[in-house]
Each structure stands twice: as C-alpha cells, then as structure tokens.
Amino acid sequence: MKFQKILFCWFILFIVVSCSQKEEKVSLIKENNLEMQMIEAYNEGLKELNRGDIFFAAKKFNEVELLYPQSVWAPRSTLMAAYSYYSQLYYNDAIFELERFLDKYKNHPDTDYAYYLLGVCHYNQIIDEKKDLGEIIKAKEYFTLLRNEYPNTDFSEDAQFKLELIEEILASKELYLANYYLEREKWIPAMNRYQKIVNKYDTTIFVEEALYRLVELNYKLGLENESKKYAIMLGYNYQSSDWYERSYKILNKEYKRIKIKNDLNKQKSLLKRFKKLFQ
C-alpha cells in the first residue's frame, strides 16, 4: 500500500512536469542593467520575427519601448512591431503601431518610412474599388504626403507609382457608376460621371471610353455641337483608338473626319487645352 502511494506521487509529479513543458512562451527579463534588458528584448524580438512568431516578436519590441522610452531604440522598436504585423498581413495592428509612432515620435528620421508603410497597409486592403473607397482615400493621402514632403527619399518613387495606380482605380470606379446610370437610361448622372473622368482622370486608360460616351450621349440628346467637340478631343488625343472610330460613326455623314499631323510639339497638352472648351 505504501509503495502504491509513492508510485502515485511520482505519477502526479510526472504529469505536472509534462504540462509545464507545454506552456506558452513567457516574456522574462533576466538582466539587472536596464540597457542590457532592452538590447536582450530587442534581439529576442528579431529572433521571433525571423521564426515567424510575429505576435511574440511585436510583444518584445513593445517591451523595449516600455523599458527605455527615451532611448533611440524605442522608436525603432515601434516600427519593428508595426513591420512584424505587416509581414503577416495584420494590417490594422500595423496601422495602430504606425499611427502611434507618428504621434509620439514627431520629426523622427524614419518618418518617411512610417508614412510609406501606412500607405501600403491601406493600399493592400483595396480588394474592390467599388466598395473600398475608404482604404483608397487613405492610401492616396499617405502616398501624396510622402511624395510632396519627402520627394528625395527611397520611398517617394514607389509612392508616385502607386498614386498612378490609385488614379486608375478611382477612374474605374467612376466609369462603373457612369455605365450603371447609362444602362438605366439616366443620361445626366451618367454624363456627369464621364465628365469627371475627363476632367480629373485624364491620364488614365478610362478617359477614351468616357470621351466616346460623351459623344454618344450628347448626340442622343440632340446636342450635336457638344458631341462634335468631344469627338475632336478624342481624335486629337486618341486618333488610332477604336473608341474614336466608334464616335466617328455616330456623327452624320456631313461631319468630316479631321486629319491630324503627327507633330508631338503641337499635340503636347492638347487634352488639357481642349478641356477649357467645357469649363
């Protein structure tokens, strides 16, 4: 009986030891020196980031900031926590850390990086241009700020490229809405949307269709002179376009197709010049 009690105690001890080995990671501070504690926490954060445990990595980076908020490592750690979340597509957590960084560490040398990563976090959440307008506007806001305030940084060039893509996205949204109204024979709202593309997104691929639709709608409404103006604009800028060929067929036979000389100097900024006709 005594032997059975001893065996039972050993069995309980074995279970306790086994369970303790399966516990989650615990953040421990071993060093007495504050600076050494901070360095150890930062290095542990890097190690866990490389392993892919981004939540524990972010926790260690935040720990650095708590240990020594006045050090140069504190803002770096905040950015590393943001990057940890970003690397595994936890964009909202990354945005929270980046906004906190910008609020707490104003005029920091890495502010340009924070704005860039903020822009990318919002940009990467654009799934459907018809629904994700908030993310589109936020991304545009941060990339525009980065381009204007930090033009000579490493991130400015990519920000400009993404701004051009955002313009395409916004133009496609306008075209979607314009075509929606067109299908339902709501001519005026449709024309307003097409006009907005011509005025605001004239460098996008959607401006050709917008100009054609304005030729079509104005002709349908009996505004032949307006229709011809848009056809001229389309011809000056996109003479080889299928949209121009289609617009040409809309107009009556007495309307002669204008021949355009291939003079690049004369054609420069013609779209903007012709837009003044409608202002």
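The values are calculated or read from the model by the stated rules, or taken from the named source; none is laboratory data. Note that the coordinates shown come from a computational prediction; the quantities given were computed from them, not determined experimentally. In this analysis, Cβ positions are derived from the backbone assuming ideal geometry, glycine residues included, and neighbour counts consider all displayed protein chains.
Selection over the stretch 230-245 of residues that are modelled with pLDDT under 80, outside any loop (DSSP other than H, G, I, E, B) and not aromatic (Phe, Trp, Tyr) gives a count of 1.
Candidates are the residues of the stretch 190-213 that are under 18 Å from LEU133 (Cβ atoms) and in a helix (DSSP H, G or I); the one that is farthest from the chain's Cα centre (by Cα) is ASN192.
Here's the yes/no breakdown for (1) surrounded by 14 or more Cβ atoms within 10 Å (Cβ to Cβ); (2) out of contact with any Pro (no Cβ under 8 Å at 6 or more places or on another chain); (3) modelled with pLDDT under 85:
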| position | (1), (2), (3) |
| --- | --- |
| TYR201 | yes, yes, no |
| THR204 | yes, yes, no |
| LEU211 | yes, yes, no |
| SER247 | yes, yes, yes |
| LYS253 | no, yes, yes |
| ASN265 | no, yes, yes |
| LEU271 | yes, yes, yes |
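Among the numbered conditions (1) free of Cβ contacts under 8 Å to residues at least 24 places away in the same chain; (2) surrounded by fewer than 17 Cβ atoms within 10 Å (Cβ to Cβ); (3) more than 30 Å from ARG76 (Cα to Cα), the only one that LEU133 does not meet is (1). The requirement of being in a helix (DSSP H, G or I), in contact with a Phe, Trp or Tyr (Cβ under 6 Å, 6 or more places away or on another chain), closer than 18 Å to TYR150 by Cα and aliphatic (A, V, I, L, M) is not satisfied by LEU98.
Here's the yes/no breakdown for (1) surrounded by 17 or more Cβ atoms within 10 Å (Cβ to Cβ); (2) part of a helix (DSSP H, G or I); (3) touching a helix residue (DSSP H, G or I) at 6+ places or on another chain (Cβ under 6 Å):
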position	(1), (2), (3)
VAL120	yes, yes, no
LYS140	yes, yes, yes
PHE143	yes, yes, yes
LEU146	yes, yes, yes
ASP154	no, no, no
GLN160	no, yes, yes
LEU165	no, yes, no
LYS173	yes, yes, no
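Each residue in the stretch 203-228 was checked for being on the phi > 0 side of the Ramachandran plot and touching a residue at least 24 places away in the same chain (Cβ under 8 Å), and 0 of them qualify. Pairing each residue of the stretch 71-88 that is without any contact (Cβ under 8 Å) to a residue 60 or more places away in the chain and closer than 14 Å to GLU35 by Cβ with any residue that is among the aliphatic types (A, V, I, L, M) and in a helix (DSSP H, G or I), provided the two are 6+ apart or on different chains, yields C-beta distances under 7 Å for SER71/MET38; TRP73/MET38; TRP73/VAL64; ALA74/VAL64; SER77/VAL64.
Rundown of residues vs (1) at pLDDT 90 or above; (2) surrounded by 17 or more Cβ atoms within 10 Å (Cβ to Cβ), yes/no style:
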position	(1), (2)
MET38	no, yes
GLU44	yes, yes
LYS47	yes, no
LYS59	yes, yes
PRO69	no, no
LEU89	yes, no
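Restricting attention to the stretch 107-125, the residues that are closer than 16 Å to PHE161 by Cα and within 10 Å of the chain's Cα centre (by Cα) add up to 9.
Of the residues in the stretch 95-104, at least one is over 26 Å from GLN37 (Cα atoms), touching a Cys at 6+ places or on another chain (Cβ under 9 Å) and either crowded, with 18+ Cβ neighbours inside 10 Å or in contact (Cβ under 8 Å) with a residue 24 or more places away in the chain (or both). Within the stretch 141-191, the set of residues being of a type in the set (D, E, K, R), in contact with a Lys or Arg (Cβ under 7 Å, 6 or more places away or on another chain) and free of Cβ contacts under 8 Å to residues at least 40 places away in the same chain comprises just one member, GLU174. When you scan the stretch 182-197, do you find a residue that is touching a helix residue (DSSP H, G or I) at 6+ places or on another chain (Cβ under 7 Å) and under 29 Å from VAL72 (Cβ atoms), even just one? No, the stretch 182-197 contains no residue that is touching a helix residue (DSSP H, G or I) at 6+ places or on another chain (Cβ under 7 Å) and under 29 Å from VAL72 (Cβ atoms).
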